Amino acid sequence: MRNIFWKLIAIILTMIIIWGFAQTNQGNVIIYLAEYRIKLSLNVLIGIWLISLILSYSLIRLWKNLYQLPAKFRQLRSDRIIRRNRINLSIAEEYYFANNYALSYRYALKVAKYDLDQHNLLIAYILAYKSAQLLKDSDKCTAIKQQLENNLPIKQQQKFTLLTNTHK
């Protein structure tokens with residue numbers, strides 16, 4: 001919107017300049033191109049020149065914005081995933097503290113599936129593991145340990161072992 005506003009102001013200023021020249025300058029310009037002769041008033045030539053500057057600037061900006069569009073889409077998508085994972089992690093924590101361990105386990109695994117932040121992954125795996133422990137489901141506990149070994153570095157695995165009191 002701001003961009004359109006500035007373009008309209010530039011066009012209006014161009015028209016004012018042309019009108020100002022029209023009041024004081026009545027010159028003509030003749031352009032010879034091979035066999036052709038173009039006769040223009042100086043005011044029209046200045047108007048064409050100013051409008052072509054505005055259009056070329058707009059085309060350059062459009063090209064630049066189109067070139068940056070894929071990076072902007074990737075950034076928006078990653079921001080949306082991060083925001084969704086934060087919400088899912090908060091929901092998993094709420095369900096865990098509300099003693100609804102099945103839903104806590106489900107939301108924690110959603111975070112573990114899509115999140116790339118190591119700290120969020122660790123928290124999600126801890127929530128999922130503790131929920132599975134409280135549900136007394138040993139299959140889920142072993143599945144979480146296997147996912148943990150595949151997805152987290154050694155230092156994070158050691159933190160998990162320390163925080164969940166699980167030893168190999």
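No value in this document is a laboratory result; all are computed from the given coordinates. What you see is a predicted model; the values in this text were computed from it and never measured. Positions of Cβ are backbone-derived with ideal geometry, glycine not excepted, and every protein chain shown enters the neighbour counts.
Multiply the residue separation of ARG37 and ALA143 by 0.36 nm, subtract the distance between their alpha-carbon atoms, and state the gained length in nm to one decimal. Could you put the intermediate results ahead of the total?
Values: separation 106, 0.36 × 106 = 38.16 nm, distance 8.32 nm.
Contour length minus the Cα-Cα distance gives 29.8 nm.
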Computed from these coordinates, which is volume of the Cα convex hull per residue in Å³: (1) 226; (2) 237; (3) 188? (3)
Where is the GNM fluctuation largest for the chain (alpha-carbon springs, 10 angstrom cutoff): SER131, SER90, SER56? SER56
ILE51-GLU94 pseudo-label distance in nm [points 7 Å out on the Cα-to-Cβ vector]: 5.8 nm
Hey, which lysines would be in cross-link range of LYS145, C-alpha to C-alpha under 27 Å, not counting anything within fewer than 8 residues on its own chain? LYS110, LYS113, LYS130, LYS136, LYS155, LYS159, LYS168
Positive end of the charge dipole of the chain (Lys, Arg +1 and Asp, Glu -1 on Cβ, about the Cα centre): tell me which of PHE73, LEU55, TYR114 has its Cα farthest that way. TYR114
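Per DSSP helix of 4 or more residues, -39500 (n - 2.57); summed, then divided by the residues of the chain. What does that give at 222 nm, rounded to the nearest 500? All intermediate terms of the calculation are to be shown ahead of the outcome.
Values: 6 runs with 135 residues, N = 168.
Only helices count here, giving -28000 deg cm²/dmol.
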Give the angle, between 0 and 90 degrees and rounded to the nearest 10, that separates the Cα long axis of helix 42-97 from the longest principal axis of the Cα atoms of the chain. 10 degrees
Toy charge model, Lys and Arg Cβ at +1, Asp and Glu Cβ at -1: the range 62-134 dipole around Cα centroid in debye, rounded to 20, equals 420 debye
Once both label points are put 7 Å beyond Cα along the C-beta direction, the ARG2-PHE73 separation in nm becomes 2.5 nm
What is the helix-to-structure angle for 154-164, meaning the angle in degrees between its Cα long axis and the longest Cα principal axis of the chain, kept from 0 to 90 and rounded to the nearest 10? 50 degrees
Report, in degrees rounded to the nearest 10, the 0 to 90 angle that the Cα long axis of helix 138-151 makes with the longest principal axis of the chain. 40 degrees
Extension gain SER58-HIS119, at 0.36 nm per residue separation less the Cα-Cα distance, in nm? 17.5 nm
Assigning unit charges at the beta carbon (Lys, Arg +1; Asp, Glu -1) and nothing else, what dipole magnitude in debye, to the nearest 20, does the range 1-130 show about its Cα centre? 220 debye
For the chain the mean separation of alpha carbon contacts under 8 Å (6+ apart) over residue count, i.e. relative contact order in percent, is 12 percent
